[in-house]
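Reviewing the structure listed below.
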Amino acid sequence: MADLYDVIQIHFTAGAVVPGTGQTILVNVPLSILMSLFVDFYECNEAPAVSIMYDKSDRVLDAGAGIGYITSLIADRAEFVVGVEGIGLLAEIAVGNLSLNNRLNAIIVNNALGLDDKPVTFYERHLVYASSTGPSHDSVMNETIIDSINANTLIAQYNLNALHFDLEGTEADLLDGIDLTPIRKVFLETHPHIYGSDGIRRIILRLRDHGLEPFLLGNPHGNAFPWQSCTIGFTRAELIPALRERIQLVGIYFWTQIEEIGEKEIKLGAWR
């Protein structure tokens, strides 16, 4: 019996435009991702944020690139993008996706992202886009040892100044070891089912200590923050006014504001 990847490779080998984005994708992808793309679920928080976060002054490290969908969206706005993806099949698809969209200002690196260059255990899950170097409660289909690449080395090598992280729970530890001096924007998806609200507080305070203020929150679960997964954008204080103007133009209903980080809760408020 053919496995999931075999079936999809047999039946989906053309290009298609994803509704609502104008993005052409390579449809040779795991079925769970393909179906999500066409029902407006896959990366529904991240995709609209790209038009808010990035412009031609940005050189972005996109960690957890997957099939290159978000990488391609970022490349359409930013000066340069380095996408990092640990699964070889998805990295190959991402390269094809960037080619379909003529994204000459983006590259894909097939490694896990780490703080050194040592091999790491990679947990491939049945929901392929939930795979990562961190164990969690999600069902693991396969464990493999793969090479990692040092995030600080990539940042220095390509003169990167922005981080876009969708790392399925390993972002908290990784951010602790990254030199944030050259970074002026950070966008990340949180995973409180792995590190809890304390982990989210730790991330926010770490970035604030380095001059990166949380200025937007993608929170489709309403008042469930910080207990449900969401997306948070950070930037330097001097960039916030211009980025807020973009938020108003995009007009996405669930963008709100992080007002106060207390010992027991993170308070939200409306835009002023």
Just give me the residues in segment 145-176 being exposed (fewer than 14 other Cβ atoms within 10 Å of the Cβ), at pLDDT below 95 and out of contact with any Lys or Arg (no Cβ under 7 Å at 6 or more places or on another chain), in sequence order. 145
Just checking, does segment 239-249 include any residue being farther than 29 Å from residue 86 by Cα, at pLDDT 90 or above and in a helix (DSSP H, G or I)? yes
Kindly provide the set of residues from segment 146-171 that are part of a loop (DSSP other than H, G, I, E, B) and of a type outside the set (S, T, N, Q), ordered by number. 147, 158, 160, 166, 167, 168, 169
Across (1) out of contact with any strand residue (DSSP E or B) (no Cβ under 6 Å at 6 or more places or on another chain); (2) of a type in the set (Lys, Arg); (3) under 18 Å from residue 235 (Cβ atoms), residue 59 clears everything bar (1)
Tally up the residues in segment 54-77 that are within 23 Å of residue 215 (Cα to Cα) and either free of Cβ contacts under 8 Å to residues at least 60 places away in the same chain or surrounded by fewer than 24 Cβ atoms within 10 Å (Cβ to Cβ) (or both), please. 10
Okay, strands (runs of 3 or more DSSP E) sitting entirely in segment 53-141 with 1 or more residues that are modelled with pLDDT under 85 and closer than 22 Å to residue 192 by Cβ, I get 120-125
Which residues, taken from segment 31-52, are at pLDDT 75 or above and polar (S, T, N, Q)? 51
Pairs with Cβ under 6 Å, 6+ apart, first in segment 214-239 and over 21 Å from residue 167 (Cα atoms) and surrounded by fewer than 23 Cβ atoms within 10 Å (Cβ to Cβ), second charged (D, E, K, R) and modelled with pLDDT of 60 or more: 236/184; 237/213
For segment 205-238, what are the residues that are part of a loop (DSSP other than H, G, I, E, B) and at pLDDT 90 or above? 210, 211, 212, 236
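Among the residues of segment 89-100, is any within 18 Å of residue 161 (Cβ to Cβ) and not polar (S, T, N, Q)? So that I can check it myself, show each step before the final result.
The initial filter retains those residues of segment 89-100 that are within 18 Å of residue 161 (Cβ to Cβ), namely none.
Scanning segment 89-100 turns up no residue that is within 18 Å of residue 161 (Cβ to Cβ) and not polar (S, T, N, Q).
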What is the residue count in segment 183-205 for residues that are surrounded by fewer than 17 Cβ atoms within 10 Å (Cβ to Cβ) and touching a Leu at 6+ places or on another chain (Cβ under 7 Å)? 0
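The values are calculated or read from the model by the stated rules, or taken from the named source; none is laboratory data. From a predicted model like this one, the values you see are computed outputs, not experimental measurements. Quick reminder, even Gly has a Cβ in these numbers, built from the backbone with ideal geometry, and neighbours come from all protein chains shown.
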